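Structure record follows, encoded as structure tokens.
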């Protein structure tokens, strides 16, 4: 066989052998290399890549041990596995049914292929575990709640007991739980902001009041509201971190008006410029309902998150969930428990932060000559402020290249912000490079 389509980064953090085995593993899992294909000899591969033969031997030995390759004496090394589905379930091409466009989504994570073994191990453990006979605890698996409580204290500065944590089927499910027990009244939601939160509030029969995303939410802003939905650690989609003074003002307004603050802490662990900002709930447990999710580290199709209601709302939330059996699926809970126990989520986040930091820099290199960053890059997307006509040109150029680039204006209701929101978690490096080249052309680069 001819040389493999791999590229080694001699300045990277990972050893060359690990880079090579990872890329070959990915070629097999994606179906680029198929069962029975013959690979180059280690001598030929090493010569082609300009590395020592021991690098190629180490990579092949690792992949043979894992079952991806097989070595036949006197014949060579062959692919021994079939392509496997990508570990991120759910549609990625979401610009309309059948559009064929790859969406540069702000919510789909990148998961290093080297972590697939841990993912599969978790589900094997699920299959070997006896499920509960009936409906489970309405708050979720006790062991999972204990693991989440420990994690919240360790990573978010939010010290809670296991029985204060409620396992949900994702962020919007936790928000629905809260909407069902809040006092009567409209809900304030940041604008621009999370469209699913707006849709969830409307579906629950709540009116929505737009809260300017970058304004201080004082007593006047919260008066008459049942709740205020905010993303203080990484405002979605502008990316701003809520300043300390604004946090204190928001909590004071909540106490003065009785409006509950709903904190959506969707990607706080993905900062790569500074340490994660502590949760707002850590400053005001009595006023803040905390929402977390696994969908920015585990595949979003797992559909699992967690809610920590203010103590005064916990009993009402539990009672309501018990009546409607609104519980996250047991297999997903059991899998997440294993992933937490084995350190899988922490490992995924560590590698993702490195990848996102590098991708954010590549996005900035293309966008910075034409646009203004809305905030310091963090997480799996960055937002760039542009006149609407320039943003439309970038979007149209991206579409011609096969990509759906979200517009900032699409995330606004009454706000007049314009620009583009470049998600780089749900694509691979080659896709990102093609998308950025198209965006650059659309902006006149």
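The values are calculated or read from the model by the stated rules, or taken from the named source; none is laboratory data. Worth saying up front: this structure is predicted, and the values here are computed from it rather than measured. When we count neighbours, we look across all protein chains shown, and the Cβ atoms used for this are built from the backbone with ideal geometry, even at glycine.
What are the residues in the range 21-57 that are surrounded by fewer than 19 Cβ atoms within 10 Å (Cβ to Cβ), in contact with a strand residue (DSSP E or B) (Cβ under 7 Å, 6 or more places away or on another chain) and within 24 Å of residue 112 (Cβ to Cβ), if any?
34, 35, 37 - these are the residues of the range 21-57 that are surrounded by fewer than 19 Cβ atoms within 10 Å (Cβ to Cβ), in contact with a strand residue (DSSP E or B) (Cβ under 7 Å, 6 or more places away or on another chain) and within 24 Å of residue 112 (Cβ to Cβ).
Looking at the range 303-314, is at least one residue assigned by TED's automatic domain parsing to the domain that holds residue 425 and in contact with a strand residue (DSSP E or B) (Cβ under 9 Å, 6 or more places away or on another chain)?
Here is the first cut: in the range 303-314, the residues assigned by TED's automatic domain parsing to the domain that holds residue 425 are none.
The answer is no, given that none of the residues of the range 303-314 is assigned by TED's automatic domain parsing to the domain that holds residue 425 and in contact with a strand residue (DSSP E or B) (Cβ under 9 Å, 6 or more places away or on another chain).
For the range 217-328, please list each of the strands (runs of 3 or more DSSP E) lying entirely inside it that holds at least 2 residues being over 30 Å from residue 342 (Cα atoms) and in contact with a helix residue (DSSP H, G or I) (Cβ under 8 Å, 6 or more places away or on another chain). Lay out the reasoning, then the answer.
On the way: elements: 227-230, 260-264, 288-293, 305-308.
Where strands (runs of 3 or more DSSP E) fall fully within the range 217-328 and carry at least 2 residues being over 30 Å from residue 342 (Cα atoms) and in contact with a helix residue (DSSP H, G or I) (Cβ under 8 Å, 6 or more places away or on another chain), they are 227-230, 260-264.
Test residue 217 against the criterion of being over 30 Å from residue 333 (Cβ atoms), outside the structural domain of residue 360 (by TED's automatic domain parsing), at pLDDT below 95 and touching a strand residue (DSSP E or B) at 6+ places or on another chain (Cβ under 8 Å), and give yes or no.
Numbers: over 30 Å from residue 333 (Cβ atoms): yes; outside the structural domain of residue 360 (by TED's automatic domain parsing): yes; at pLDDT below 95: yes; touching a strand residue (DSSP E or B) at 6+ places or on another chain (Cβ under 8 Å): yes.
Here the answer is yes, as residue 217 does meet what is asked.
Residue 109 is checked against (1) modelled with pLDDT of 90 or more; (2) exposed (fewer than 14 other Cβ atoms within 10 Å of the Cβ) and fails just one. What number does that condition carry?
Of (1) modelled with pLDDT of 90 or more; (2) exposed (fewer than 14 other Cβ atoms within 10 Å of the Cβ), only one is false for residue 109: (2).
Of these, 360, 332, which one is in contact with a strand residue (DSSP E or B) (Cβ under 8 Å, 6 or more places away or on another chain) and not in a loop (DSSP other than H, G, I, E, B)?
Working: 332 fails: in contact with a strand residue (DSSP E or B) (Cβ under 8 Å, 6 or more places away or on another chain).
Testing whether each residue is in contact with a strand residue (DSSP E or B) (Cβ under 8 Å, 6 or more places away or on another chain) and not in a loop (DSSP other than H, G, I, E, B) leaves just 360.
Can you pull out the residues in the range 195-207 that are touching a residue at least 24 places away in the same chain (Cβ under 8 Å) and either in contact with a strand residue (DSSP E or B) (Cβ under 9 Å, 6 or more places away or on another chain) or crowded, with 17+ Cβ neighbours inside 10 Å (or both)?
197, 198, 200, 201, 204, 206
Name the residues in the range 159-174 that are touching a residue at least 40 places away in the same chain (Cβ under 8 Å) and more than 15 Å from residue 281 (Cβ to Cβ), would you?
Step one: list which residues in the range 159-174 are touching a residue at least 40 places away in the same chain (Cβ under 8 Å), which gives 159-160, 164-171, 173-174.
Result: 167, 168, 169, 170, 173.
Which one of these does residue 189 not meet: (1) outside any loop (DSSP other than H, G, I, E, B); (2) in contact with a helix residue (DSSP H, G or I) (Cβ under 8 Å, 6 or more places away or on another chain); (3) within 21 Å of residue 320 (Cβ to Cβ); (4) free of Cβ contacts under 8 Å to residues at least 60 places away in the same chain?
It fails just one condition, (3).
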